[in-house]
1. State whether the residues of segment 194-206 include one that is of a type in the set (A, V, I, L, M, F, W, C) and under 27 Å from K114 (Cα atoms).
2. Evaluate the following for A198: is it assigned to a loop (DSSP other than H, G, I, E, B) and more than 24 Å from E125 (Cα to Cα)?
3. Within segment 196-212, track down each residue that is buried (at least 20 other Cβ atoms within 10 Å of the Cβ) and within 10 Å of the ligand (Cβ to nearest atom).
4. So which of R216, R161, R185 ends up being of a type in the set (D, E, K, R) and within 30 Å of G132 (Cβ to Cβ)?
5. Being away from the ligand (no atom under 13 Å from the Cβ) and under 18 Å from Y87 (Cα atoms) is the filter here, so list the residues in segment 146-176 that pass it.
6. Check I26, I22, I3 and return the single one that is in contact with a Cys (Cβ under 8 Å, 6 or more places away or on another chain), aliphatic (A, V, I, L, M) and in a helix (DSSP H, G or I).
7. Counting just the residues of segment 35-59 that are touching a residue at least 60 places away in the same chain (Cβ under 8 Å) and away from the ligand (no atom under 16 Å from the Cβ), which one comes out nearest to Y87 (Cα to Cα)?
8. For the list (1) within 16 Å of the ligand (Cβ to nearest atom); (2) farther than 23 Å from I147 by Cβ, I need the number of the one condition that K29 fails.
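Derivation of every value follows stated rules applied to the coordinates shown; laboratory data play no part. Predicted, not measured: the structure shown is a model, and the values here were computed from it. Here Cβ is always computed from backbone atoms with ideal geometry, including for glycine, and neighbour counts include all displayed protein chains.
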Amino acid sequence: EKIPCFIFPDMNEGSYYAAKIIAQTIREKQQKGENCVLGLATGSTPKVLYNELVRMHKEEGLSFKNVITFNLDEYYPMEREAMQSYYNYMHRILFHHIDIQAKNIHIPNGELPKEQIKQHCIEYEKQIEEAGGIDLQILGIGNNGHIGFNEPGSSIHSKTRLTNLENSTRLANVYEFANISEVPRLAITMGLSTILKARKVILLAWGPAKAPVVQRAVEDHMSEQVPASLLQQHNDCIFILDSSAAAEL
Ligand code: GLP
């Protein structure tokens, strides 16, 4: 099954399109008096999307009062207040600027001692279930095909867990750190089964560097060697691309 791809001239247009889908999902749920559960990604890819959601909140009255969020991942170990933490990223770029309730924000905790991580991951899965499951999951894609921090070889059955980062991933993210030795070797990530259970999935990819992996995820046979290719088995998944990320399709 080929994943439907929506191709835009640039990342701004693609991000606006994704923001409209999110806003519509939130408003539909509001009208029914229900919560809207969003799965959120970090990295450079969704920044324009989050800026657009902030604009919609400020200028169009889009409310996040009924929104519950679960972030995909966090480095381990990582202090919340560190510049590089995904906790910091999410608050700086999105949560500080909207009317989301603090109790509705969930991000894996990179501060816990190692012996508590297993239980934390079990609870994270339970919290997602108790919220009613994820309505809409936003994803980026790593150059090696990872989604969240599910590196190549991750099981399709994997759940939220502590995992190793590939050196290529650490190198891709070194721009956020002083040098490569500062980039954590571990991360807590939702699993592939966690992601695949979301009722709708939107993967975003911008720029020529992502073109080869987007091609493999969309057109190659499904393989745990390209985790994003497993999205082919999801019945409501789309890719939103700019023309350079779509160049090899
Ligand atoms: C990061 C994140 C992923 C993200 C991907 C792509 O390390 N853990 O959630 O989607 O790698 O990153 P970027 O958007 O910066 O290209």
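1. Looking through segment 194-206, at least one residue is of a type in the set (A, V, I, L, M, F, W, C) and under 27 Å from K114 (Cα atoms).
2. Against the criterion (assigned to a loop (DSSP other than H, G, I, E, B) and more than 24 Å from E125 (Cα to Cα)), A198 does not qualify.
3. L203, L204, A205, W206, K210
4. Within the list R216, R161, R185, the selection yields R161.
5. T160, R161, L162
6. Matching residue, one of I26, I22, I3: I26.
7. Here the answer is V37.
8. Among (1) within 16 Å of the ligand (Cβ to nearest atom); (2) farther than 23 Å from I147 by Cβ, the lone unmet condition for K29 is (1).
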